[in-house]
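A.B. asks: Sharing a structure below in structure tokens format, with a few things to ask.
The values are calculated or read from the model by the stated rules, or taken from the named source; none is laboratory data. The structure presented is a predicted model; accordingly, all values stated were derived computationally and were not measured. Glycine gets a Cβ as well: all are built from the backbone with ideal geometry, and neighbour counts include every protein chain shown. Areas reflect the complete protein model, heavy atoms only, side chains present, ligands, DNA and RNA absent. Shrake-Rupley method; radii C 1.70, N 1.55, O 1.52, S 1.80 Å.
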Amino acid sequence: MTSFTTTDGTKIFYKDWGSGQPIVFHHGWPLTADDWDAQMLFFVSKGYRVIAHDRRGHGRSTQTATGNDMDTYAADVAELVAHLKLTNAVHIGHSTGGGEVARYVARHGAGRVAKAVLIGAVPPIMVKSAANPGGLPMEVFDGFRSALAANRAQFYTEVPIPFYGYNREGAKVSEGVKGNWWRQGMIGGAKAQYDCIKAFSETDFTEDLKNISVPVLILHGDDDQIVPIADSAELSIKLVKNGTLKVYKGYPHGMCTTHPEVINEDLLAFIKR
């Protein structure tokens, strides 16, 4: 397995296929680089260099007890980018990975990043507060933590249902996709995944979004049951300097998996323009 070790001793697993302009994929919680299979295979076939890592504490990376926060996630990406000597890269993040992209590009990406993409992404901030009245109540995220601590294996059989919109009338349910979600979640560390709930729900990316100068594509399904569009993409597009928002009618949170034939072509068009 390909990996490198960060300055704090954390082993980060990554995939690095092909050559050409690099595209770096950032996965959602509590998943791994494997969640990008449909995109990695597509873009490597189009002549791009595709890279995806397992965030610290997730997948095949070190099951860290500390550093499970957005600042450290972004710093890990910066070390990975330096390790691979990447320039002119496109960074694509889904869900929690979208927050990771926003923080990395804003704080570490100068001179190295060509474009950024946020898909079903958590910015600007998920949790409800006086400053963010449209957010989800803290009780929702406390429920995630309680369910994970009580029976992570069972919890991870339930989350894929709304994640992929499988609870909607007429949805074509894939047992393989559900099982693959569970597999990815269960190979990660429970402590890191528990901590990551705070990272993806309470981190405020407002200033990160304002500080991104490269072109940003924001993609979101209007039936996203995990990261509701009204308090995420529809606010993020108002904060970035050079952004494009595309909304997909009826698409779920996990639309990169349920509709890769659509998402991949839209990503390709953005990268090529």
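A.B. asks: Please sort through the DSSP H helices of the chain and keep those with an alpha-carbon extent of at least 20 Å along the long axis and a Kyte-Doolittle average not below 1.0.
C.D. replies: Helices meeting the span and hydropathy rule in the chain: none at all.
A.B. asks: Considering only 229, 125, 161, give the residue with the highest GNM mean-square fluctuation for the chain, with springs between Cα atoms whenever their separation is below 10 Å.
C.D. replies: The residue with the greatest mean-square fluctuation here is 161.
A.B. asks: Counting DSSP beta bridges with both partners in the chain, what percentage is antiparallel, nearest 5?
C.D. replies: Here the antiparallel bridges make up roughly 20 percent for the chain.
A.B. asks: Using just the helices of the chain, give the 222 nm mean residue ellipticity in deg cm²/dmol: DSSP H runs with n ≥ 4 each add -39,500 (n - 2.57), and the total is spread over all residues, rounded to 500.
C.D. replies: Rounded to the nearest 500, the figure is -12500 deg cm²/dmol.
A.B. asks: For the chain, set up a Gaussian network in which alpha carbons nearer than 10 Å are linked by springs, and say which option among 97, 170, 47 fluctuates the most.
C.D. replies: It is 170.
A.B. asks: Taking the Cα centroid of the range 12-55 and of the range 58-121, what is the distance between the two, rounded to the nearest whole Å?
C.D. replies: The two parts, judged by their Cα centres, are 12 Å apart.
A.B. asks: Evaluate the distance, in nm, between pseudo-label points positioned 7 Å from the Cα of residue 186 and of residue 269 along their respective Cα→Cβ axes.
C.D. replies: With each label point 7 Å from Cα toward Cβ, the separation is 4.0 nm.
A.B. asks: At 25 °C and 0.890 mPa s, grab the translational diffusion coefficient of the chain from Stokes-Einstein with a Kirkwood Rh over Cα pairs, rounded to a whole number in µm² per second.
C.D. replies: 134 µm²/s
A.B. asks: What number comes out for the charge environment of residue 259, summing +1 per Lys or Arg and -1 per Asp or Glu over other residues with Cβ under 15 Å away?
C.D. replies: Every neighbour counted, the sum reads -4.
A.B. asks: Could I ask something else about it? Compute the whole-percent fraction of alpha carbon pairs in the range 42-90 spaced more than 13 Å apart.
C.D. replies: The calculated P(r) of the range 42-90 puts 64 percent of pairs beyond 13 Å.
A.B. asks: May I ask for the Kirkwood hydrodynamic radius of the range 1-72, worked out over all distinct Cα pairs and given in angstroms to one decimal?
C.D. replies: Taking the inverse mean of 1/r over all distinct Cα pairs, the range 1-72 comes out at 12.7 Å.
A.B. asks: Which aspartates and glutamates, on any chain, are close to residue 128 with Cα under 13 Å apart, when same-chain ones fewer than 8 places away are left out?
C.D. replies: Leaving aside aspartates and glutamates fewer than 8 places away in the same chain, those within reach of residue 128 are 139, 142, 202, 204, 231.
A.B. asks: Under the 0.36 nm per residue contour assumption, what length would be gained going from the current alpha-carbon distance of residue 110 and residue 83 to full extension?
C.D. replies: 8.1 nm
A.B. asks: Taking the mean number of other Cβ atoms within 10 Å as a proxy for protection, how do you rank 171-180, 24-33 from highest to lowest?
C.D. replies: 24-33, 171-180
A.B. asks: Mind checking Rg over Rh on the range 196-256, alpha carbons, Kirkwood formula for Rh?
C.D. replies: 0.98
A.B. asks: If you don't mind, another one. Can you run the Rg to Rh ratio on the range 118-273? Use alpha carbon positions and the Kirkwood inverse-distance Rh.
C.D. replies: 0.97
A.B. asks: Follow-up. Reachable lysines from residue 115, Cα under 26 Å, same-chain residues fewer than 8 places away excluded?
C.D. replies: Within the straight-line limit of under 26 Å, residue 115 reaches these lysines: 15, 46, 85, 210, 238, 241, 246, 249, 272.
A.B. asks: What does the extension gain come out to for residue 16 and residue 147, with contour length at 0.36 nm per residue minus their alpha carbon separation?
C.D. replies: Full extension of this stretch gives 43.7 nm more.
A.B. asks: Under a 1.4 Å probe, what is the accessible area of the range 188-251 per residue, stated in Å²?
C.D. replies: About 42 Å² of surface per residue is accessible.
A.B. asks: Still on this structure, please answer the following. Please report, in whole Å, how far the alpha carbons of the range 39-180 spread along each principal axis, starting with the longest.
C.D. replies: 42, 40, 31
A.B. asks: Computing the accessible area with a 1.4 Å probe over protein heavy atoms, can you report the carbon and sulfur percentage for the chain?
C.D. replies: Whole-percent figure for carbon plus sulfur exposure: 53.
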